[in-house]
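Chemist: The structure's right below; bear with me while I get my questions together.
The values are calculated or read from the model by the stated rules, or taken from the named source; none is laboratory data. A quick note: this is a predicted structure, and the numbers were derived from the prediction, not measured. Here the Cβ positions follow ideal geometry from the backbone for every residue, glycine too, while neighbour counts run over all protein chains shown. Ligands, DNA and RNA are stripped out before the accessible areas are found, and what is left, the full protein with its side chains, is counted by its heavy atoms. Shrake-Rupley method; radii C 1.70, N 1.55, O 1.52, S 1.80 Å.
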Amino acid sequence: LTDTQDITNSLFDNKGRAGHAEIITTNSLNQFVDKQLIDYLSYDRFGNVTHQTVERLDEAGVLLDYKDIENKYDNDAAAKRGNATLTTINRYSSKDTRDSTTFIECQKIYNDEFDNLGNVVRQRIETYDSIAADTLAKKTEIHNYLISNSGDAGEQHISSYIYESGLAILVSYQ
């Protein structure tokens with residue numbers, strides 16, 4: 001056993017969707033890892049979260065980081081399976097001040113290709129180290145093959161790159 005999470009959902013709307021969640025994570029020695037406070041701000045017609053925020057706290061309640069997450073669902077077959085076409089995660093060191101002084105990173109997850117059932121075939125994860133999202137720091141490309149009806153990939157090819165002076169350097173291939 002590795003980590004364990006105690007999850008409490010609350011503030012349900014009239015469709016049974018949670019408006020808030022609290023997640024407390026402990027490690028295999030039952031030691032506190034972190035606490036996450038998640039606010040689900042909006043949903044799409046399929047019940048997928050389109051906007052959420054996540055506060056991650058240490059054991060004393062001090063903020064570790066704050067994430068503002070937006071999901072776009074431009075493919076109905078994928079949306080029915082909960083697969084976003086684009087997820088943008090902006091991470092900050094402050095909950096109250098979200099600008100270049102508190103910016104940590106921006107991660108964009110592009111699900112570029114889906115099969116007929118809405119399973120992700122090709123995914124690209126880009127991490128930027130500037131608030132303008134114009135300086136690419138690293139990228140991971142994932143290709144899924146032999147996808148089952150339940151959405152499990154029988155085979156994956158994963159390429160990871162870092163960027164130095166705008167040039168991609170392959171650092172891992174699996």
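Chemist: Since residue 74 meets every condition but one in (1) of a type in the set (D, E, K, R); (2) modelled with pLDDT under 95; (3) surrounded by 14 or more Cβ atoms within 10 Å (Cβ to Cβ), which condition does it not meet?
Modeler: It fails just one condition, (3).
Chemist: Pick from the stretch 121-136 the residues that are modelled with pLDDT of 95 or more and of a type outside the set (Ser, Thr, Tyr): which of them is farthest from residue 155 (Cα to Cα)?
Modeler: 126
Chemist: Turning to a different aspect of this structure: Is there any pair linking a residue in the stretch 2-30 that is β-branched (Val, Ile, Thr) to one that is surrounded by fewer than 10 Cβ atoms within 10 Å (Cβ to Cβ), with Cβ under 9 Å and at least six apart or on different chains, and which?
Modeler: Between residues of the stretch 2-30 that are β-branched (Val, Ile, Thr) and residues that are surrounded by fewer than 10 Cβ atoms within 10 Å (Cβ to Cβ), the close pairs are 2/28; 4/28; 4/30.
Chemist: Return yes or no: is residue 54 within 13 Å of the chain's Cα centre (by Cα), without any contact (Cβ under 8 Å) to a residue 40 or more places away in the chain and surrounded by 14 or more Cβ atoms within 10 Å (Cβ to Cβ)? Walk me through it before giving the result.
Modeler: Numbers: within 13 Å of the chain's Cα centre (by Cα): yes; without any contact (Cβ under 8 Å) to a residue 40 or more places away in the chain: yes; surrounded by 14 or more Cβ atoms within 10 Å (Cβ to Cβ): yes.
Yes: the conditions hold for residue 54.
Chemist: Shifting gears a bit: Residue 111 versus (1) open to solvent by 40 Å² or more (accessible area, probe 1.4 Å); (2) within 17 Å of the chain's Cα centre (by Cα): which is the lone unmet condition?
Modeler: Here residue 111 clears every test but (1).
Chemist: Now, a different point. Does the stretch 123-152 hold any residues that are open to solvent by 40 Å² or more (accessible area, probe 1.4 Å), among the hydrophobic types (A, V, I, L, M, F, W, C), in contact with a Ser or Thr (Cβ under 8 Å, 6 or more places away or on another chain) and part of a strand (DSSP E or B), and which are they?
Modeler: 136
Chemist: Please find, within the stretch 153-173, the residue that is farthest from residue 92 (Cα to Cα) out of those that are open to solvent by 70 Å² or more (accessible area, probe 1.4 Å) and modelled with pLDDT under 95.
Modeler: Among those residues, the one meeting the criterion is 167.
Chemist: Return yes or no: is residue 47 out of contact with any strand residue (DSSP E or B) (no Cβ under 9 Å at 6 or more places or on another chain) and not polar (S, T, N, Q)? Give the derivation first.
Modeler: Values: out of contact with any strand residue (DSSP E or B) (no Cβ under 9 Å at 6 or more places or on another chain): yes; not polar (S, T, N, Q): yes.
Criteria met by residue 47.
Chemist: If I filter the stretch 40-51 for residues that are open to solvent by less than 30 Å² (accessible area, probe 1.4 Å) and closer than 23 Å to residue 4 by Cβ, do I get at least one hit?
Modeler: For the stretch 40-51, residues open to solvent by less than 30 Å² (accessible area, probe 1.4 Å) and closer than 23 Å to residue 4 by Cβ: absent.
Chemist: Turning to a different aspect of this structure: Can you pull out the residues in the stretch 82-108 that are open to solvent by 40 Å² or more (accessible area, probe 1.4 Å), touching a Ser or Thr at 6+ places or on another chain (Cβ under 7 Å) and not aliphatic (A, V, I, L, M)?
Modeler: Scanning the stretch 82-108 gives 93, 105, 107, 108.
Chemist: Continuing with the same structure: Hey, residue 79 hits all of (1) of a type outside the set (D, E, K, R); (2) touching a Phe, Trp or Tyr at 6+ places or on another chain (Cβ under 6 Å); (3) open to solvent by 50 Å² or more (accessible area, probe 1.4 Å) but one; which does it fall short on?
Modeler: Only one criterion is unmet by residue 79, namely (3).
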